[in-house]
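First the structure, in the form of structure tokens, and then the observations on it.
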Amino acid sequence: MRIVLPEALRELAGGRPVVEMRVGAGAGATDGAPGPVADDRHSVGGVLGALRASHPGLHDRLMTEQGVLRPHVNIFVDGENIRFTGGLRTRVGAGSEIFVLPAISGG
């Protein structure tokens, strides 16, 4: 599975625009950094939990201390906004693409 990051968050992932993750036993980032097995690796929440081990700064920019998606962050799984598909419980598979899009404001 791929997590696609906007320019503003890439520095928290070593400058990479995409973080590859595995789904299933031993899930974690595949960039050489070891990652723990998340409780539910087949959900957005589980994937983001596994992301914490390899990219803690990125995880903290996406999630609050209470484990809730920050309100200004939009996440899409295969083109669907997770706010309408089950939130952090949205199911993901090995071929899923997770797009992270922070809200843009200003004027």
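Here is how the numbers come out for the structure above:
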{"read-out": "Filtered residues of the range 1-22 (kept if outside any strand (DSSP E or B) and either of a type in the set (D, E, K, R) or under 15 Å from residue 78 (Cα atoms) (or both))", "value": "1, 5, 7, 10, 11, 16, 22"}
{"read-out": "Residues of the range 71-85 classified as surrounded by 12 or more Cβ atoms within 10 Å (Cβ to Cβ), over 11 Å from the mean Cα position of the chain (by Cα) and within 22 Å of residue 22 (Cβ to Cβ), total", "value": "4"}
{"read-out": "Which listed residue, of 100, 68, is surrounded by 15 or more Cβ atoms within 10 Å (Cβ to Cβ) and not small (Gly, Ala, Ser)", "value": "100"}
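Computed from the coordinates by the stated procedures, all read-outs in this text should not be read as laboratory data. Predicted, not measured: the structure shown is a model, and the values here were computed from it. Reconstructed Cβ throughout: ideal geometry from the backbone, glycine too, with neighbour counts over all protein chains shown.
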